[in-house]
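K.L.:
The structure follows.
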2 protein chains.
Amino acid sequence: MAEQTQHPTPHIVIIGCGFGGLEAAKVFKGKAVRVTLMDRTNHHLFQPLLYQVATAGLAAPTISAPIRNLFRQQLNVTTLLGDVRSMDANAKQISFVQPGSDVQHTLSFDHLIVAAGATHSYFGNDAWEQHAPGLKTLQDAMALRRKILMAFEAAEAEEDAARREALLTFVVIGAGPTGVEMAGTMAEIARHTLPGEFRRIDPASAKVILLEGGSRVLQAMPENLSEKALKQLAALGVDVRLNAKVTQIDAQGIEVQNLAAKQALEGKTAASWEETCASSYQIHSKTVIWAAGVAASPLGKQLAQSTGCELDRAGRVKVLPDLSLPNAPHISVIGDMASLMREVAGQSVPVPGVSPAAKQMGRCAAANVLRRMQGQSTQAFRYADYGNLATIGRNAAVVDLATPLGALRFSGKLAWLFWLFAHIYFLIGFRNRFVVLADWTTAYLSFSRSARVVAEADLNKG
Amino acid sequence: MAEQTQHPTPHIVIIGCGFGGLEAAKVFKGKAVRVTLMDRTNHHLFQPLLYQVATAGLAAPTISAPIRNLFRQQLNVTTLLGDVRSMDANAKQISFVQPGSDVQHTLSFDHLIVAAGATHSYFGNDAWEQHAPGLKTLQDAMALRRKILMAFEAAEAEEDAARREALLTFVVIGAGPTGVEMAGTMAEIARHTLPGEFRRIDPASAKVILLEGGSRVLQAMPENLSEKALKQLAALGVDVRLNAKVTQIDAQGIEVQNLAAKQALEGKTAASWEETCASSYQIHSKTVIWAAGVAASPLGKQLAQSTGCELDRAGRVKVLPDLSLPNAPHISVIGDMASLMREVAGQSVPVPGVSPAAKQMGRCAAANVLRRMQGQSTQAFRYADYGNLATIGRNAAVVDLATPLGALRFSGKLAWLFWLFAHIYFLIGFRNRFVVLADWTTAYLSFSRSARVVAEADLNKG
C-alpha cells in the first residue's frame, strides 16, 4: 500500500466502527480526503440491543450492518477488515493483520482517529472470564445465548436434584444497564417463554439473581429511578442483592460477600455462625454472566507508549478538550476509549461511556481534523446530554430525559414504550427496524422469542 | 431414567428431528404413548433454505424452530438434547451424552424410530473436508458464510495479484440441487450485491466455477430441464464444467480431470502437451465448497452391528417395505438413513433422499408402530412423488411436477416464483414465513442480502 503515501489527498485512518467511528467517517463525506475505516469485524453492531441477541429475542444480523455496505455511496471511504497490532505516532503508520493470517500489513495516515471501544474488565481476576463471560461482541452474545438455553436443556436431562438446581440458577453480576436488561429478560424467559415446553423441570422455578456491589441498581440514574427499577425487577421475579461483592467465581458458582453485613460486623467478632454466614455465602450456579466492569481497548496502552499520553484507571486515554492527544495533534481518541471531564453544576464529572457521547465525539473529532487541515483552530468537545434510559423487561423501563424545561423522569409501561421506539428509531437500516418491530410485536403478544437457536458445533463445545 | 421402563405406557424414542422425525412424532398426538424426541441440536432445521444462510440471505434463526417449542402442545412428547452413542436392539436401550458433558445417560424404548439423516461423504478422501467444507448443518452454513465473505475482505487487502485471484475464485463441487443453488447465489452476490462496496477490487470479476463429474447438472431432473438449468447458470455468470472429476483438494485449490478429454485420449498417447493439459488442470481457489456426496448417519453402522441389518453403499439401512428392520420389528429407519426401492414404470429405483419422502416415511413408520401396538399388521410404505424443483438464482429455477394429468415442466421466472412460494409455504411457523418473505422482497428489489454478518471469534479462527 506504498502508493497511498505518495497520494496528495490527506489520508485519515479510523480504527473501529462503533458509534464513534461510524459518525466520524460520515463527516468526511464529499470532502477532499481519503478515509480508511478499519474494524476487527465486518459489521457495525448496534450494541444497545446486544442483550436481545444473547437472550434469543433477535437474530444476530438484525442488529448488525455490514460496514462496507453502509459506506457504499461514500466513495472516499475504503473499508478494511483488520486487527491493529501497532501504531507509530511519529512514523504515522499502523500495522494490522487480517483474520486467520499472520501477514502484517502497514498503512500510513495523515490523521488517525482511534475509536476501538471497550472490553470486559475482571478487575485483575482474569481467570473468572471462562466461568462468567461478558457481553460486548456478537460472538459474546451467541455464546451467552448458548449457555442460557443449554442450561435448561441440561436440566431437563439431569437426574440429580442439586445439579439440576445449579443448572436452573442464573447469576448476573453488576446492575448497570446491561446487567439489569439481562436479568430482567432472563426472568421473563424463565417465567413466560419456556414454561409448558419441558416435561421434567419447571422453567418458572429457575432463579435469576442480580448481584450489585453498590447500594443501588442503575447508579447513573437518579435515586428515585433506581428504586423504581428495583421494584420492577422484583416484580419480574429477579432476586436483586445490593452491597454484594463477588470474591470468587469458578465452575461450581460464586462466592459473595455481603458488604452491608460485613460493615455491621466491622470491629467486632462475629457472635454467631449465622452472622459469619450473613457476611459471606456461596451461590451454586452453572450460568454466571459478567456485566460489572469495562476497560478501554488495549490500543490505549499502545498510544501511551507511542505518544506518552496518560491513561486513567480504566485504561482510557486522557484526551485534550478537542479530543486530540497532548503530544500528537494528528491523533484523536473518541468514545469509550477516551477519558474527558466536563463541568456539571460546578462539579467535574467524566463524559459517560454511552453511545450518544461516542457519536458526538466522532463528529467533533472529524470536524477538528478538517479544521486542522484548513489551518483553523480546533474546537473543544461539548457533550450534549439528552438523558438516560434503561429497560428492565416486559413493560418495565426507566427514563430520565434532559429537556430544555428541566428533567423529565418516568418509569413503567410508558417508559418501556419510549425505550422501545427510541431504540428502533436509532437502529440502522429500514429493514432492521422493521424486523425488530415485527419480532417484538410477536414476542410481546405471544411471549415467544424468535431466535432460540444454537448451532451444532457450539453445542458440542458444551 | 429407570422409572420409565416400569411405566405401563409404551415408550417410543425418535432419534433425529429432521423432516422425518418431526412428522413421526406428530402422528402420536393424542395417542396413549410416551414419545421421547432426541436431537443433537435444539432446533428443527428447514434444510432446503440452508444455502440461503450460507450465502448471507437469511439469518440462522429464520430457518430454524426450537424443537420443544414445536411440541409445546403435544404433552406426550418429551424433547431431549442428546448425541446418541449406542443402540442396543435386544436390551431396547440407547445411550446418549449431552453437549459438553461426558456423562452417559441411558433411555429404554419399546419402539425406536431412527431418523438421523445424512452427512457429507468425501468418497474416502476425508482430508479434503478441511479445504472443501459441505453444507448440512447450521454450523456448516455459518462457516461457509464466513469463508465466502472473508475471501472478499481478504482480497480487498491483498497486494499480490495471483493471491487476489485465488481469493476471488469460488469453486462448487457437485451440481446437484445444493451445488446449483450455491453457485447461482454466489454468482449473484459477486455480480449484484457486492459491486460498489469495494475500492481496490471489483467483486464482479470474481469467478464462480461449478464442477460436475457427470454429463449434466441436476441429474434427478429430466434432461431438458438440466439443459435449461445449465443455460440459466451460464446467464448468471457461473462457469459450469461437466465431466470434471476432482482428483485433489488442498489449501491452494483443486486438481481436476476432464473426463471427456480423458476419454478422447483413451488408448492413445497424448500427442501434445495441450492434450495432456486438457485432461487434467489446476484451479487456484481459496474457497471450495463440497456439494458432491452424502452418506447416511454413522448410526446406520451401529444398527447393522446390533441387528445384523444390511447397509447400502452410501451407508443407508436396507429396510423392509414397512420401514422396520428385518430382525428388529420394534426398530424403524426413515428418511435419508433408509434404503428402499420402489417400482417406477417397471423399473426398480430407490426412494429419493428428499424431504417429502422423509415426511411420508415418518408418517408411515409411526402409523405402523401404532398398528403393531394394537396387534394389527403393518402397511408397506408407498412413496407419493409430487415431482422435483430446484432454484438456480434470481428469476431462475426449474420445476418438474408430477400431476394426475402427467408431468408439468417449466423453468425461468415462473418456476422461480413457484419455488419461492412453495418453500415459504412449507417453512414452519408464521413468523418465519413472514420474515423470509420480507427479506426476499427486499433482496429482490435492492439486490442486497440481509445477513452479511460474521461474528468476531469466527473471524479470528480465519
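FYI, it's all coordinate maths here, none of it is from the lab. Just so you know, these numbers come straight off a predicted model, no measurement behind them. With ideal geometry, Cβ positions are generated from the backbone for all residues, glycine too; neighbour counts draw on all protein chains shown.
K.L.:
List the residue from chain A whose beta-carbon is nearest to the axis that rotates chain A onto chain B, together with that distance in whole Å.
P.N.:
In chain A, the Cβ lying nearest the symmetry axis toward B is A:A59, 2.
K.L.:
What number comes out for the charge environment of A:Q47, summing +1 per Lys or Arg and -1 per Asp or Glu over other residues with Cβ under 11 Å away?
P.N.:
Summing Lys and Arg as +1 and Asp and Glu as -1 gives -1.
K.L.:
First select every other residue whose beta carbon is under 11 angstrom from the beta carbon of B:E156; then total the charges, Lys and Arg +1, Asp and Glu -1.
P.N.:
Charge balance near B:E156 sits at -1.
K.L.:
While we're looking at this one, here's another question. Sort segment A:115-273 into rounded, prolate or oblate with this rule: let a ≥ b ≥ c be the square roots of the eigenvalues of the Cα gyration tensor; rounded if a/c is under 1.5, and if a/c is not under 1.5, prolate when a/b is larger than b/c, oblate otherwise.
P.N.:
Numbers: a/c = 1.43, a/b = 1.27, b/c = 1.13.
Cα axes put segment A:115-273 in the rounded bin.
K.L.:
Under the classification rounded if a/c is under 1.5, otherwise prolate if a/b is larger than b/c and oblate if not, where does segment A:158-249 fall, given a ≥ b ≥ c as square roots of the Cα gyration tensor eigenvalues?
P.N.:
oblate
K.L.:
What nm distance separates the two modelled labels at B:D88 and A:A162, each placed 7 Å from Cα along Cα→Cβ?
P.N.:
Output for this residue pair reads 2.9 nm.
K.L.:
Tell me whether the protein assembly as shown comes out rounded, prolate or oblate; compute the Cα gyration tensor, take square roots of the eigenvalues as a ≥ b ≥ c, and use a/c under 1.5 as the rounded threshold. If you can, show how the numbers build up before the last one.
P.N.:
Details: a/c = 2.15, a/b = 1.24, b/c = 1.73.
Taking the square roots of the gyration eigenvalues as a ≥ b ≥ c, the protein assembly as shown is oblate.
K.L.:
When each copy gets a label point 7 Å from Cα toward the beta-carbon at B:Q305, what are the spacings between them in nm, shortest first?
P.N.:
When each copy's label point is compared with this one, the spacings are 5.4 nm.
K.L.:
Ok, one more. Rounded to the nearest 500, what is the protein assembly as shown's calculated 222 nm mean residue ellipticity when only DSSP H runs of at least 4 contribute -39500 (n - 2.57) each, over all residues?
P.N.:
On the way: 30 runs with 308 residues, N = 924.
That calculation yields -10000 deg cm²/dmol at 222 nm.
K.L.:
Okay, moving on. Which helices of chain A meet both criteria: a Cα extent of 18 Å or more along the helical axis and a mean Kyte-Doolittle score no lower than 1.0, with helices taken as whole DSSP H segments?
P.N.:
Once both thresholds are applied, what remains is A:413-426.
K.L.:
Taking only Cα atoms of segment A:286-331, what ratio of Rg to Rh do you get with Rh as the Kirkwood inverse-distance radius?
P.N.:
A ratio of 1.17.
K.L.:
From the label point of B:R371, set 7 Å along Cα to the beta carbon, how far off in nm is each other copy's matching point, shortest first?
P.N.:
Here B:R371 shows inter-copy label distances of 8.5 nm.
K.L.:
Restricting to bridges with both residues inside the protein assembly as shown, how much of the DSSP beta-bridge set is antiparallel, in percent to the nearest 5?
P.N.:
Here the share of antiparallel DSSP bridges comes out near 60 percent.
K.L.:
Let me ask something else. Past 29 Å, Cα to Cα, is the threshold; run A:K136/A:K301; A:K92/A:K359; A:K245/A:K359; B:K231/B:K318 against it and keep the listed order.
P.N.:
Over 29 Å Cα-Cα: A:K245/A:K359; B:K231/B:K318.
K.L.:
If we count every other residue with Cβ under 15 angstrom of A:A358's Cβ, Lys/Arg +1 and Asp/Glu -1, where does the sum land?
P.N.:
Result for the local shell: +3.
K.L.:
Between A:V344 and B:H284, with labels modelled 7 Å along Cα→Cβ, what's the label distance in nm to one decimal, could you check?
P.N.:
Calculated label separation equals 5.8 nm.
K.L.:
Between A:K245 and B:A251, what is the label-point separation in nm under the 7 Å Cα-to-beta-carbon projection?
P.N.:
5.0 nm
K.L.:
Restricting everything to alpha-carbon atoms, can you work out Rg to Rh for segment A:37-142 with a Kirkwood hydrodynamic radius?
P.N.:
Checking Rg against Rh, the ratio lands at 1.01.
K.L.:
Now for a separate question. Could you pull the copy-to-copy label distances for B:K245, with points set 7 Å along Cα to Cβ, in nm to one decimal and sorted shortest first?
P.N.:
Going from nearest to farthest copy, the values are 7.4 nm.
K.L.:
How large is the Kirkwood hydrodynamic radius of chain A, counting all unique pairs of alpha carbons, in Å?
P.N.:
23.7 Å is the Kirkwood radius here.
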